[in-house]
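Quick notes on the structure that follows.
The values are calculated or read from the model by the stated rules, or taken from the named source; none is laboratory data. Nothing here was measured: the structure is a model prediction, and the numbers come from that model. Cβ: placed from backbone, ideal geometry, glycine included. Neighbour counts: every protein chain shown.
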Amino acid sequence: MLIGNPATGAFVSLAQATLMDHAPAERERNMARWTIAGSVGYVAGPVLIAAAVAVGLGWRGVLVLLAFASVPFAFAGRRGPAPRATHDDPDARQGLLAALRDREVLRWLFVLEAADLLGDVLHGFVALYFVDVAHVGAVEAAFAVAVWTGAALVGDVLLLVVLRRMSGWTYLRLSALIVLGAYPVFLLVPSATAKLAVLALLGLLNAGWYALPKAALYGTLPGRSGTAIAVAGVGGFVAAGVPAGLGLTAEHFGLGATMWVLLAAPVALLVAGRSPTRSEDM
């Protein structure tokens, strides 16, 4: 994991920052495109691993093949345009501390992490919820995860169409309003089939809940993408304890009751997810 982390962590973050600096006026759409690429991998990755295991190659063989396949892209990246000069603070630590005291930066960091309650956090609980609460088998629970990821991929693609017709912030609040009504239906409806249908809707509406707040976070720190990455990293450290906290809550109050906590995501978007007050380069 130590060897692989520079590729899956540092490289991904720096590539995203470079994309945001390359075309500041297109941050929303480029983050939407970025999310589509991630969703494709999210769906295709498990399929690729399953196919490799089925033919006897195993997951290690897949990683070796992907490592070789990535070499041409690593060299191709060296031929890209030189990055523009930015005005990151000379003292990176002071710049980070100043950003963490900025109310606008903290607002979008809060929105980004809160929205993830109905993103990666929900994704992590879907299979367990369908087994423990909806009382279905392992195969049906796995299908529920596939429904969620597949609907999310479709939603990410459709988001680009939506952004041509309305402001990203109008869409964000509208989708949060619909989810505020749909998520309780998902929890209350008794039929597992009906839950799957509502889950698919939630996956569609979740599109943009990462891309738009993350683009806004970059927008609050124009030309300081390195600081934006560091701020997001600090938020990630704090948010990393959320699944554990939910697990402990479920241990005491049950998973069905704990899932209501995730309703905080659309509430946070409606309360704090208004249009950025700083519009530099947006």
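Here are the numbers for the structure shown:
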| read-out | value |
| --- | --- |
| Within the range 14-32, tally of residues that are surrounded by fewer than 17 Cβ atoms within 10 Å (Cβ to Cβ) and not aliphatic (A, V, I, L, M) | 3 |
| Close pairs (7 angstrom Cβ cut-off, 6 or more residues apart or separate chains): closer than 30 Å to Trp169 by Cα and surrounded by 14 or more Cβ atoms within 10 Å (Cβ to Cβ) in the range 250-273, of a type in the set (Lys, Arg) and modelled with pLDDT under 95 anywhere | Leu269/Arg173; Leu270/Arg173; Ala272/Arg107; Gly273/Arg173 |
| Odd one out for Arg165, checked against (1) without any contact (Cβ under 8 Å) to a residue 24 or more places away in the chain; (2) buried (at least 18 other Cβ atoms within 10 Å of the Cβ); (3) not polar (S, T, N, Q); (4) not in a helix (DSSP H, G or I) | (2) |
| Some residue of the range 21-31 being outside any helix (DSSP H, G or I) and out of contact with any Ser or Thr (no Cβ under 7 Å at 6 or more places or on another chain) | yes |
| In the range 47-60, the residues that are part of a helix (DSSP H, G or I) and either loosely packed, with under 14 Cβ neighbours inside 10 Å or in contact (Cβ under 8 Å) with a residue 12 or more places away in the chain (or both) | Val47, Leu48, Ile49, Ala50, Ala51, Val53, Ala54, Gly58, Trp59, Arg60 |
| The range 113-140, residues that are charged (D, E, K, R), under 25 Å from Gly155 (Cα atoms), in contact (Cβ under 8 Å) with a residue 40 or more places away in the chain and surrounded by fewer than 19 Cβ atoms within 10 Å (Cβ to Cβ) | Glu140 |
| Search result, residues across the range 98-112 that are in a helix (DSSP H, G or I) and either in contact (Cβ under 8 Å) with a residue 60 or more places away in the chain or crowded, with 20+ Cβ neighbours inside 10 Å (or both) | Ala99, Glu104, Val105, Arg107, Trp108, Leu109, Phe110, Val111, Leu112 |
| Residue list for the range 168-204, restricted to those being over 20 Å from the mean Cα position of the chain (by Cα), in a helix (DSSP H, G or I) and of a type in the set (S, T, N, Q) | Thr193 |
